[in-house]
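Contents: one structure, followed by commentary.
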Amino acid sequence: MVKKTTSPNLSRRDFTKIVMTFLGSIMGAMVGLPIIGFIVSPALKTQELDDWISLGAFDGYPIGTPTLFSFTRSKVNGWERTTSSYGAYVLRKTESELKVYSNVCTHLSCRVKWDEDAHAFLCPCHDARFDINGAILYGPPPRPMDRYEFKIEEGNILIHLTGE
Amino acid sequence: MAGKVFAWFDERLGLEAFYSTVLDRKIPKVNWWFTLGSASLFLCVIQALTGVFLTMYYVPSPAVAYDSIQYITKGVAFGWLVRGIHHWSATLLVITLFLHMLRTFFYGAYKFPREMTWMTGVLLFLLTLGMGLTGYLLPWNQRSYWATTVATEIFGTVPFLGDFLFKVLRGGTDLSALTLARFFSAHIWILPAGVVLLLGVHMVLIVKLGISNIPGEDE
């Protein structure tokens, strides 16, 4: 096969090997790197949400009972408009004290539901319970219920929707 | 270490023998026209790779096929490049295959004992044209739509079987969602399966029989 030469110079075969490896690597990188970008690019795109959502009149909410307000927001993912639904539990503790919770369970993002009989927020997925103040009563959640930042303008509750 | 690992695999898989049979095989003194087969193989592999990645975003439905391709071209990083390579190397592949066939024909390389290599090559060429035909519809733009209208009508002119072929290709009498779905299926599954099978036979025959000499003037 390969003739062993005593010449100190690079053999023709070795030269070809080096050139082929070099050119092959360049060609591979030229195709390979864009392909990686092609695969991961949608994952690197973020659409920041920064919206104030009106939940209606402050006076319309009952005192002492968490009340669900549902709304939707749409985003564009690729070629499709994706509509996501959100739920905010509005709790007027007293005449003037207000708290607004996200209904997304802090465990694995199922949606919690206020249960009047149990007097707790129940998560149907892994049996988590939060009390009326959003504190963990039972189950696997790592932290209390998340709250929305809010403000009251002209008697209306507005919550701040942020994130991706 | 690397040598030991290689030796372990070599002992079980016969890599050295594979290398010397496939890559160190003896070939006659030939010219640049003999590189067209390798060029076609290279383009075929490029088509397979870029095609696989395009399916990550493409959706074969009349509602969103066009939008998904617009997204590939304008929204995805290097989408224009991957789609562009698939588009242009498809055209280039038909050209290299045609020249490869002309070389084989004019050098008489299709003669005994290489008739099977020639026949599988002809079928591979037809399959490639089929890939072109089915791929042309997928962007689902005006050009795709009317080109496929005409192409399926041409199949309809075949004596006796024409009407049947026309309907089978379209999945009914109309050029519809069914046509798009079956062209996509043919483009990514059925025709490539045929290509892989025949290409395997084609390559084994090339290695087994060797390639022919350039015929001399007195032959």
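The values are calculated or read from the model by the stated rules, or taken from the named source; none is laboratory data. What you are looking at is a predicted structure, and each value in this text was computed from that prediction instead of being measured. Don't worry about glycine lacking a Cβ; one is built from the backbone with ideal geometry, like all the others, and counts go over all protein chains shown. Ligands, DNA and RNA are stripped out before the accessible areas are found, and what is left, the full protein with its side chains, is counted by its heavy atoms. Shrake-Rupley method; radii C 1.70, N 1.55, O 1.52, S 1.80 Å.
A few notes on this one:
- For the stretch B:59-84, residues that are more than 7 Å from chain A (Cβ to nearest Cβ), surrounded by fewer than 21 Cβ atoms within 10 Å (Cβ to Cβ) and under 20 Å from the mean Cα position of the chain (by Cα) total 1.
- Residue count for the stretch B:47-58 under the criterion of being open to solvent by 30 Å² or more (accessible area, probe 1.4 Å), outside any loop (DSSP other than H, G, I, E, B) and within 11 Å of another protein chain (Cβ to nearest Cβ): the result is 3.
- Residue check for A:Asp59: in contact with a Leu (Cβ under 6 Å, 6 or more places away or on another chain), exposed (fewer than 13 other Cβ atoms within 10 Å of the Cβ) and of a type outside the set (Lys, Arg): no
- All positions within the stretch A:14-39 that are open to solvent by 50 Å² or more (accessible area, probe 1.4 Å) and under 29 Å from B:Ile69 (Cβ atoms): A:Met27, A:Met30, A:Val31, A:Leu33, A:Ile36, A:Ile39
- All of B:Trp88, B:Trp32 fail the test of being of a type outside the set (Lys, Arg), within 30 Å of A:Asn77 (Cα to Cα) and without any contact (Cβ under 8 Å) to a residue 24 or more places away in the chain, apart from B:Trp88.
- Whichever residue in the stretch B:1-37 is charged (D, E, K, R) and over 22 Å from B:Thr104 (Cβ atoms) and, among such residues, is surrounded by the most Cβ atoms within 10 Å (Cβ to Cβ): B:Asp10
- Filter pass, B:Thr179 being part of a helix (DSSP H, G or I), touching a residue at least 40 places away in the same chain (Cβ under 8 Å), crowded, with 20+ Cβ neighbours inside 10 Å and over 15 Å from the mean Cα position of the chain (by Cα): yes
- When each of B:Trp189, B:Trp140 is tested for being closer than 24 Å to B:Tyr57 by Cα and either modelled with pLDDT under 95 or more than 20 Å from the chain's Cα centre (by Cα) (or both), the lone residue that passes is B:Trp140.
- Applying the set (1) under 30 Å from A:Phe69 (Cα atoms); (2) out of contact with any Asp or Glu (no Cβ under 6 Å at 6 or more places or on another chain) to A:Met30 leaves exactly one unmet item: (1).
- Within the stretch A:121-138, residues that are within 17 Å of A:Val90 (Cα to Cα) reach partners that are among the small types (Gly, Ala, Ser) with beta carbons closer than 6 Å, at six or more positions or on different chains, in the pairs A:Asp131/A:Ala120.
- Boolean, A:His126 is open to solvent by less than 70 Å² (accessible area, probe 1.4 Å) and not in a helix (DSSP H, G or I): no
- In the stretch A:49-94, the residue that is modelled with the lowest pLDDT out of those that are polar (S, T, N, Q) and within 18 Å of A:His160 (Cβ to Cβ) is A:Ser84.
- Here B:Phe98 fulfils each of the conditions (1) more than 21 Å from the chain's Cα centre (by Cα); (2) away from every other protein chain (no Cβ under 12 Å); (3) not aliphatic (A, V, I, L, M) apart from (1).
- Residue check, A:Arg13 basic (Lys, Arg) and either within 14 Å of chain B (Cβ to nearest Cβ) or not in a strand (DSSP E or B) (or both): yes
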